[in-house]
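The values are calculated or read from the model by the stated rules, or taken from the named source; none is laboratory data. Nothing here was measured: the structure is a model prediction, and the numbers come from that model. A quick note on method: Cβ atoms are made from the backbone with ideal geometry, for glycine too, and the neighbour counts reach across all protein chains shown.
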Amino acid sequence: MSESHPFTVSSFYLFIKEKRLMAAKCSKCGTIVLPPKPMCTKCFCTDIEWIELNGTGKLLSYTVIHVAPEQFQSMVPYCVGIVEFNDGLRLPGIIKDIQPEQLKVGMELKTDFECEPSSTWPCWTRYYFKPV
Ligand SMILES: [Zn+2]
């Protein structure tokens with residue numbers, strides 16, 4: 001896919017399909033916008049470019065989910081947390097490969113990708129967080 005893709009949340013998910021965590025960066029003031037928007041949230045400049053995040057950050061807060069939407073019911077109980085990346089960006093997501101009681105605020109997590117076979121889509125790629 002071209003790097004000239006529009007700066008939208010749907011582009012963000014198209015990049016996720018390529019296992020890339022992308023954010024929008026303002027060419028003028030350097031502000032990084034996640035989820036991506038076509039305009040800088042600080043200086044309102046529309047001169048935006050895509051940057052790839054390394055996907056490693058610290059756990060800010062988390063919740064253990066016991067009552068889940070239908071498509072996640074097989075995973076219950078699972079953890080959802082907010083991860084803050086090095087540049088101050090925050091992203092919510094599911095945390096896997098760890099027991100809920102082992103989670104600690106401030107621990108380092110990294111982003112990974114998985115492919116979820118689905119009846120309506122050949123393969124739905126999503127991101128999740130796991131221990132480093
Ligand atoms: Zn800006």
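Within segment 1-18, restricting attention to residues that are out of contact with any helix residue (DSSP H, G or I) (no Cβ under 7 Å at 6 or more places or on another chain) and part of a loop (DSSP other than H, G, I, E, B), the residue that is nearest to the ligand (Cβ to nearest atom) is Phe7. When Glu84, Glu114 are checked against the criterion of being at pLDDT below 95, in a strand (DSSP E or B) and not hydroxyl-bearing (Ser, Thr, Tyr), a single residue qualifies: Glu114.
Tell me, please, whether a residue that is of a type in the set (S, T, N, Q), more than 18 Å from the chain's Cα centre (by Cα) and not assigned by TED's automatic domain parsing to the domain that holds Phe113 can be found in segment 3-14. Checked against the condition, which is being of a type in the set (S, T, N, Q), more than 18 Å from the chain's Cα centre (by Cα) and not assigned by TED's automatic domain parsing to the domain that holds Phe113, segment 3-14 yields at least one hit. With the checklist (1) surrounded by 13 or more Cβ atoms within 10 Å (Cβ to Cβ); (2) within 19 Å of the chain's Cα centre (by Cα) in hand, flag the one item Glu49 doesn't pass. Among (1) surrounded by 13 or more Cβ atoms within 10 Å (Cβ to Cβ); (2) within 19 Å of the chain's Cα centre (by Cα), the lone unmet condition for Glu49 is (1). Filtering segment 19-65 to residues that are over 21 Å from Leu109 (Cβ atoms), more than 9 Å from the ligand (Cβ to nearest atom) and assigned to a loop (DSSP other than H, G, I, E, B) leaves Pro36, Lys37, Pro38, Thr46.
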